[in-house]
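Novice: Sharing a structure below in structure tokens format, with a few things to ask.
The values are calculated or read from the model by the stated rules, or taken from the named source; none is laboratory data. Values in this document were obtained by computation on a predicted structure and should not be read as measured data. Note that we place each Cβ from the backbone using ideal geometry, even for glycine, and neighbour counts take in every protein chain shown.
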Amino acid sequence: MSHDNSRLVYSTDSGRITEPEVKPQRPKGDGIVRIQRQTRGRKGKGVCLITGIDGSDEMLETLAAELKKKCGCGGALKDGVIEIQGDKRDLLKQLLEAKGMKVKLAGA
């Protein structure tokens, strides 16, 4: 005799428990911020890569937004490296030195 209220229920919500992903720590910089121009893999469009800034992701995010606004161009933050579109190395150097950072222009 079957009961209408006793249906077998199967759920796929729970199952294998995955370990929380641990982000690898970024290596500590040597105190020198480097600005490098890169065009490789970007269809000829140049970007400036800013590396060596020690700080939290939130601090880097706000710094990237501020630099993009002052340069009047786009950019991104990827793995602790700030990318600014276009060749704005001299302007970026001035802006970062005004914040008290030691800046070097790296690469060609």
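Novice: Residues in the range 51-108 that are under 17 Å from residue 32 (Cβ atoms), surrounded by fewer than 13 Cβ atoms within 10 Å (Cβ to Cβ) and modelled with pLDDT under 85: how many?
Specialist: 1
Novice: If we keep just the residues of the range 33-50 that are assigned to a strand (DSSP E or B) and of a type outside the set (D, E, K, R), which is surrounded by the most Cβ atoms within 10 Å (Cβ to Cβ)? Full working, then the answer.
Specialist: We begin by selecting, within the range 33-50, every residue assigned to a strand (DSSP E or B); these are 33-38, 47-50.
Narrowing further to those that are of a type outside the set (D, E, K, R): 33, 35-36, 38, 47-50.
Details: 33: 22, 35: 23, 36: 16, 38: 14, 47: 21, 48: 25, 49: 17, 50: 28.
Only one residue fits best here, namely 50.
Novice: Moving on to the next point. Report the residue count in the range 63-85 for those that are of a type in the set (Val, Ile, Thr) and in contact (Cβ under 8 Å) with a residue 40 or more places away in the chain.
Specialist: Initially, the range 63-85 is screened for residues of a type in the set (Val, Ile, Thr), giving 81-82, 84.
From what is left, the residues that are in contact (Cβ under 8 Å) with a residue 40 or more places away in the chain are none.
Residues meeting the conditions: 0.
Novice: May I pose another question? Taking residue 88 as the residue in question, decide whether it is of a type in the set (Lys, Arg) and within 18 Å of the chain's Cα centre (by Cα).
Specialist: No; evaluated as a whole, the condition is false for this residue.
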